[in-house]
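The values are calculated or read from the model by the stated rules, or taken from the named source; none is laboratory data. Not measured: the values here are computed from a predicted model. Reconstructed Cβ throughout: ideal geometry from the backbone, glycine too, with neighbour counts over all protein chains shown.
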Amino acid sequence: MEFIGIIQSISYPENKTKFVVEVDERVSPELISRYTHGSAPKIGLEFFDNRKISAEQRGKAFALITEITRHFYNANYSQELRLASPSFKEDKKLVELALKETFAASKNIDEYSLANSDMTTARDFINYLIEFCFKNDVPFYEKERFLGEDIQFFLYMCLKYRKCAITGKPGSDVHHIDAVGMGRNRNKVDSTQFRFICLSREMHNLVHEIGWNKFSSMHKVGAIKLNEKGLKECRIKTQPVSGFYIDIDEN
């Protein structure tokens with residue numbers, strides 16, 4: 001059963017977080033007793049985001065919708081004319097509506113509006129648009145504007161859809177940052193503790209030429225760790241070879 005309550009106070013005794021929550025009369029002693037069998041009840045906790053969508057988030061969402069529309073519609077126009085043409089504006093409205101509808105369906109909500117969205121749902125919508133671009137090979141003309149609310153998500157999409165995190169081009173190479181050094185049992189290495197990034201062959205060769213530290217500083221990019229689910233979704237398998245791990249793309 002689910003009930004909505006309001007937190008009245010929060011304290012932090014002994015490195016723990018203690019809530020005093022007010023709920024309605026339906027959460028009666030009888031109801032609590034029914035589910036506890038004499039032990040302390042366990043409950044779930046979900047925070048509702050009361051923050052409104054930011055201007056930056058709204059701008060990112062509309063910029064992504066523009067890129068998606070530009071990619072699929074008005075192929076006979078030049079880039080400059082397509083952005084200004086009446087037909088492009090109408091196309092963009094249709095694309096925006098379709099993307100919002102499919103996003104709402106994926107979130108199991110009735111509808112989605114950028115006008116009154118909260119920040120968390122806006123972040124999810126932006127990430128939804130970013131993944132749409134990866135799935136459909138929509139180019140990022142201004143990549144820095146389209147990075148997700150979390151750069152980790154963008155890097156994850158690069159790995160999942162094999163796009164170079166630097167150039168946006170197809171990236172066949174999954175670069176494994178952390179080598180398995182001497183003294184470790186190579187058959188018991190936990191791959192979730194290592195960092196990965198997807199690169200084009202050109203960028204991958206550059207990493208090996210100048211080293212990861214200089215490369216990451218030059219391009220202002222990092223690498224990410226993956227859990228077991230992430231390793232599977234990104235089709236990454238690691239195998240120990242001569243004291244190091246090499247990356248094998250399981251296609």
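Structure notes:
- Looking only at the range 88-116, and only at residues there that are acidic (Asp, Glu) and surrounded by fewer than 10 Cβ atoms within 10 Å (Cβ to Cβ), the one that is farthest from GLU131 (Cα to Cα): ASP110
- Some residue of the range 82-91 being acidic (Asp, Glu), at pLDDT 80 or above and under 17 Å from the mean Cα position of the chain (by Cα): no
- Contact map, the range 108-119: first residue under 12 Å from ILE53 (Cα atoms), second residue of a type in the set (Phe, Trp, Tyr) and part of a loop (DSSP other than H, G, I, E, B), Cβ cut-off under 8 Å, separation 6 or more or different chains; pairs are ASP118/PHE48.
- Given (1) under 18 Å from the mean Cα position of the chain (by Cα); (2) at pLDDT 90 or above, index of the condition ILE151 fails: (2)
- Any hit, the range 185-200, residues being touching a Lys or Arg at 6+ places or on another chain (Cβ under 6 Å), modelled with pLDDT of 90 or more and of a type in the set (S, T, N, Q): yes
- Sole exception among (1) modelled with pLDDT under 90; (2) closer than 23 Å to ASP137 by Cα for SER106, by number: (1)
- Residue list for the range 160-178, restricted to those being part of a loop (DSSP other than H, G, I, E, B) and of a type in the set (Lys, Arg): ARG162, LYS169
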